[in-house]
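Heads up, the thing below is written out as structure tokens.
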Amino acid sequence: MTSWVDELKAELGACVSTAPEVLAAHAGDKWHASAMPEAVVLATETAQVAAAMKFAAVHGIPVTPRGAGVGYVGGCVPVKGGLVISVAQMQRIVEVNPADGVAVVEAGVLTADLQAACAELGWFYPPDPASRKESSIGGNIATNAGGPRCLKYGVTRAYVLGLEVVLPDGSILRCGGRTHKNKQGFDLVGLFCGSEGMLGIITQATLRIIPAPPARAALHAGFPRFALAAAAVQNVLQGGHLPAAIEITDAFTLRAARNHLGPGVLPEDAQGHIIIEIDGQADAVATELQAIAEILRATGATEVVTARTESEVEAIWQLRREFSYSLKATGLTKLNEDVVIPRSQLVALVEFCAAMEQETGIPVACFGHSGDGNIHTNIMVLKDDAGRDIREPADALVNRLFAWVMEHGGSITGEHGIGIAKTPWFPQAIGAEAFALHRTIKNAIDPQGILNPGKMGL
């Protein structure tokens, strides 16, 4: 055991662990990379995070912050070993205050738990990453997480009013506040949203909440061609409607879902599919549901299914959640790339992916948040005769995909972040000047480079 570990244990006590099972549990996320830390601080309060960070700064120890650990880009992999500081046990919902329209929560609170606490009071925290039942608020802020409802309600950043952050020297920064307007100096709150744990460790957040819409409804529709489904997205928006969410699915994903879920669940001949949710006042929702259904039929939908009750709406969203599991059920490993393209490029993206599939024989499945152009493009890794992944040609398709996305004005990530996985493309994706500014900011706030090292190429 490294000598500093004994010293840290003596200073912080039982919250410091070197148990093999604890180290292994904090070695990686949902991406394939992992690296063992030398010790883990299982923090239950900000003071422990600050003390551990100050200790690390004095001794020059690499520190990897960690929340729930369900990221997809290796963002919390301790690539330099050292110390992991976990805030996963900091799960107190300090306050839900409708009078001020705020909730104050610790960083380890799960997104779904906060949403449930707000719902009990008739209020609403809109950000809804698909992992909301297992992802924590601190991690959502660190990656500026999105989700289907981003079309109408925006990403996590739009709901962060104030933060408590432990800086790389162990000092505690409190920025922003509980007012809904605040123009006092630089946007320090925004600086930490999306910073992927490289500038500070978020320990508490003050979040904006809104009144819960009293009614919601949904519909899903199949189309004989993907291009018609994409056209329907534009037609709904051009028709003056702003749904809470619009999801789109391509033919490969639909085939996988039919195989996994069985007959009768999805339109049998559909080559494109969309899901739309609307919310608001009950009378308005009923009228809008009918109007959107008419737009879908006029655009060429072969089947439109509407959902008016809460259980019916949830059944449609459960169908959407099954798409990822359906792709896994093919037996192929999927490289899940969360690219974003201008909405007008949606058909072009799917056609490009189909062309790559035809050329190489490697399936590419596209589905996701069509309303904001954030499409999960899944490159399905083929296997050799021994059942091993054939990664090299699949990785080559990732290169081609990212190059195409950047050439067409898109982003290589919409919600997962850069982490380790997308570091090779990051400088090109944002440009030399922006990359240099990232490095300047990182060096200014973390001059030792000890906080979440090895990420973003900084």
Worksheet entry | Condition check for residue 76: farther than 20 Å from residue 420 by Cβ and either not assigned by TED's automatic domain parsing to the domain that holds residue 106 or not polar (S, T, N, Q) (or both) | no
Discussion item. For segment 136-164, give me each residue that is of a type in the set (Phe, Trp, Tyr) and touching a strand residue (DSSP E or B) at 6+ places or on another chain (Cβ under 7 Å).
Written reply: 159
Fill in: Failed item in (1) of a type in the set (A, V, I, L, M); (2) outside any helix (DSSP H, G or I); (3) under 21 Å from the mean Cα position of the chain (by Cα); (4) at negative phi, with residue 456 passing the rest
(4)
Worksheet item: If you go through segment 342-376 one residue at a time, how many are surrounded by fewer than 22 Cβ atoms within 10 Å (Cβ to Cβ) and of a type in the set (A, V, I, L, M)?
Response: 6
Fill in: Within segment 1-117, strands (runs of 3 or more DSSP E) holding 1 or more residues that are of a type in the set (Val, Ile, Thr) and over 19 Å from residue 199 (Cβ atoms)
39-42, 93-97, 102-106
Fill in: Enumeration of residues in segment 386-403 that are assigned to a helix (DSSP H, G or I), of a type outside the set (Asp, Glu) and more than 16 Å from residue 349 (Cβ to Cβ)
391, 393, 394, 396
Worksheet item: From the list 278, 292, which one is in contact with a helix residue (DSSP H, G or I) (Cβ under 7 Å, 6 or more places away or on another chain), more than 21 Å from residue 130 (Cα to Cα) and either not assigned by TED's automatic domain parsing to the domain that holds residue 370 or not acidic (Asp, Glu) (or both)?
Response: 292
Worksheet item: Among 189, 165, 155, which is the only one that is in contact with a helix residue (DSSP H, G or I) (Cβ under 7 Å, 6 or more places away or on another chain) and surrounded by 18 or more Cβ atoms within 10 Å (Cβ to Cβ)?
Response: 165
Item to complete: Might you check whether a residue that is more than 24 Å from the chain's Cα centre (by Cα), farther than 21 Å from residue 145 by Cα and among the hydroxyl-bearing types (Ser, Thr, Tyr) occurs anywhere in segment 334-355?
Response: no
Worksheet item: Which condition does residue 245 not pass, out of (1) among the aliphatic types (A, V, I, L, M); (2) at pLDDT below 95; (3) under 21 Å from the mean Cα position of the chain (by Cα), if it passes all the others?
Response: (2)
Fill in: Test for residue 130: is it touching a residue at least 24 places away in the same chain (Cβ under 8 Å), among the small types (Gly, Ala, Ser) and buried (at least 23 other Cβ atoms within 10 Å of the Cβ)
no
Worksheet item: Here are some residues: 87, 77. Which one is in contact (Cβ under 8 Å) with a residue 12 or more places away in the chain and closer than 16 Å to residue 30 by Cα?
Response: 77
Worksheet item: Just checking, how many residues over segment 118-129 are in a helix (DSSP H, G or I) and either at pLDDT below 95 or more than 18 Å from residue 92 (Cβ to Cβ) (or both)?
Response: 1
Discussion item. When you scan segment 6-22, do you find a residue that is of a type in the set (A, V, I, L, M, F, W, C), free of Cβ contacts under 8 Å to residues at least 40 places away in the same chain and buried (at least 18 other Cβ atoms within 10 Å of the Cβ), even just one?
Written reply: yes
Worksheet item: What number of residues in segment 251-287 are free of Cβ contacts under 8 Å to residues at least 60 places away in the same chain, assigned to a helix (DSSP H, G or I) and under 15 Å from residue 219 (Cβ atoms)?
Response: 1
Worksheet item: Looking at segment 273-301, which of the residues that are exposed (fewer than 15 other Cβ atoms within 10 Å of the Cβ) and touching a Pro at 6+ places or on another chain (Cβ under 9 Å) is farthest from residue 211 (Cα to Cα)?
Response: 282
Practice prompt. Quick one: count up the residues across segment 243-265 that are closer than 24 Å to residue 292 by Cβ, buried (at least 21 other Cβ atoms within 10 Å of the Cβ) and not charged (D, E, K, R).
Written response: 9
Worksheet item: Would it be correct to say that residue 434 is surrounded by fewer than 14 Cβ atoms within 10 Å (Cβ to Cβ) and modelled with pLDDT of 95 or more?
Response: yes
Worksheet item: Which one of 112, 68, 99 is over 20 Å from residue 189 (Cβ atoms), surrounded by fewer than 21 Cβ atoms within 10 Å (Cβ to Cβ) and in contact (Cβ under 8 Å) with a residue 12 or more places away in the chain?
Response: 112
Worksheet item: Within segment 409-422, can one find any residue that is touching a helix residue (DSSP H, G or I) at 6+ places or on another chain (Cβ under 9 Å), more than 30 Å from residue 152 (Cβ to Cβ) and crowded, with 17+ Cβ neighbours inside 10 Å?
Response: no
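The values are calculated or read from the model by the stated rules, or taken from the named source; none is laboratory data. Not measured: the values here are computed from a predicted model. Positions of Cβ are backbone-derived with ideal geometry, glycine not excepted, and every protein chain shown enters the neighbour counts.
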